Amino acid sequence: MGLLTIAFAPSIAVVVVGWAIAQAAFNGTQAALQALLPDQVPEHRRARVSGYLGIAQNVAPLVGVALAYVFTAAHLNQAWMFVIPTLLGLAGVLVLVAVLRDRHLAKEDVGTFRLGAFVKGFWVSPRKHPDSGWAFAGRFLLLFAFASYNTYQVYYLLDRFGFDDAAALSWQLRLMVVNALCLVVAASVGGMLSDRTGRRKVFVVTSTVLAAAGLVVFAVAQSPNVLYGAAALFGAGLGTYFAVDLALVTDVLPNRETEAAKNMGVFNIANALPQSLAPAVAPAFLAIGGGDNYAALFVVAAVIAALGAVSTLFIRGAR
């Protein structure tokens with residue numbers, strides 16, 4: 001509904017409303033899909049399946065950008081850029097619902113619905129469940145770094161290398177392709193190795209350091225060709241991270257036998273909130289030195305990503 005509202009919006013105000021609806025629906029769907037991991041996937045296969053989820057989550061935007069480019073270049077009705085993804089997403093969800101054998105809780109495990117208890121349930125105490133709190137912090141920090149990079153990448157290309165709009169978009173697409181290819185390989189290999197070794201933290205820390213290194217290369221690059229290496233580092237880091245971190249989270253979920261979906265929904269805040277918070281905070285870093293200081297933004301993002309790696313080291317309930 002949200003994307004269709006955008007497709008046929010007569011004004012910017014309606015676009016804003018449509019995007020709010022779409023974003024709420026995306027986050028709700030993502031939370032439900034992530035809950036399938038602890039509910040449906042055996043522990044020894046979770047990193048691999050988590051990797052597939054990470055691949056889908058990060059390759060899909062590349063397909064969307066390519067679709068938008070095709071419609072724009074062919075001067076087709078741009079409403080279809082929103083209609084086609086809507087239909088594809090709806091079809092995918094309907095297929096999942098049709099084939100999924102959902103696990104049902106016993107009535108005594110669910111209890112009577114009370115609004116106060118329902119609202120209170122969204123708070124997962126980091127004192128009682130420190131591992132869950134550290135996992136939340138790690139994901140929040142890395143996604144904040146990713147959102148900072150992703151939001152301002154095209155503006156960085158325009159400012160640092162003096163590209164015009166067409167050249168900047170072309171370079172952005174190339175970097176997204178490199179990023180996606182490295183992400184797919186790293187997610188597949190990282191997930192498999194994590195499941196075979198039973199280790200999570202070493203992969204999460206290594207992947208976060210790789211992503212931070214990619215951001216530093218972006219910050220200091222003097223030639224656009226260097227950005228291919230930065231995108232490769234960042235993609236490899238993200239791929240390994242998305243493969244293993246979600247499996248790590250399911251390993252330390254509190255009450256995962258009865259409250260996995262609720263707790264994964266709470267954890268999804270660490271995915272969604274940085275997407276809104278990073279663009280709001282980033283201008284403060286861009287203003288360092290009195291101008292559009294993208295180097296400062298990416299260095300700060302790298303430090304924030306590294307702090308995400310540090311937070312993972314405090315998790316005790318997983319190897």
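When A280, A284, A305 are checked against the criterion of being in a helix (DSSP H, G or I) and surrounded by 17 or more Cβ atoms within 10 Å (Cβ to Cβ), a single residue qualifies: A305.
Scan region 190-238 for residues that are of a type in the set (S, T, Y) and either within 27 Å of L173 (Cα to Cα) or not in a helix (DSSP H, G or I) (or both) and jot them down. Let's see the steps before the verdict.
Step one: filter region 190-238 for residues of a type in the set (S, T, Y), giving 194, 197, 206-208, 223, 228.
Of everything in region 190-238, those that are of a type in the set (S, T, Y) and either within 27 Å of L173 (Cα to Cα) or not in a helix (DSSP H, G or I) (or both) turn out to be T206, S207, T208, S223, Y228.
Looking across region 54-88, the residues that are under 21 Å from the mean Cα position of the chain (by Cα) and touching a residue at least 40 places away in the same chain (Cβ under 8 Å) come down to G54, I55, Q57, N58, V59, P61, L62, V65, A66, F82, P85, T86. Taken together, the residues in region 4-47 that are over 23 Å from T86 (Cβ atoms) and surrounded by fewer than 16 Cβ atoms within 10 Å (Cβ to Cβ) amount to 5.
On the basis of being modelled with pLDDT of 85 or more, out of contact with any Leu (no Cβ under 7 Å at 6 or more places or on another chain) and not basic (K, R), does L238 make the cut? No.
Yes or no, residue by residue, for (1) surrounded by fewer than 21 Cβ atoms within 10 Å (Cβ to Cβ); (2) closer than 19 Å to S223 by Cβ; (3) at pLDDT below 85; (4) touching a Pro at 6+ places or on another chain (Cβ under 9 Å):
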| residue | (1), (2), (3), (4) |
| --- | --- |
| V124 | yes, no, yes, yes |
| H129 | yes, no, yes, yes |
| A135 | no, no, no, no |
| L141 | no, no, no, yes |
| S148 | no, no, no, yes |
| L157 | no, yes, no, yes |
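Does N255 satisfy the criteria of being in contact (Cβ under 8 Å) with a residue 60 or more places away in the chain and polar (S, T, N, Q)? No, not satisfied.
The values are calculated or read from the model by the stated rules, or taken from the named source; none is laboratory data. All figures in this text were calculated on a predicted structure; none of them were measured in a lab. Quick reminder, even Gly has a Cβ in these numbers, built from the backbone with ideal geometry, and neighbours come from all protein chains shown.
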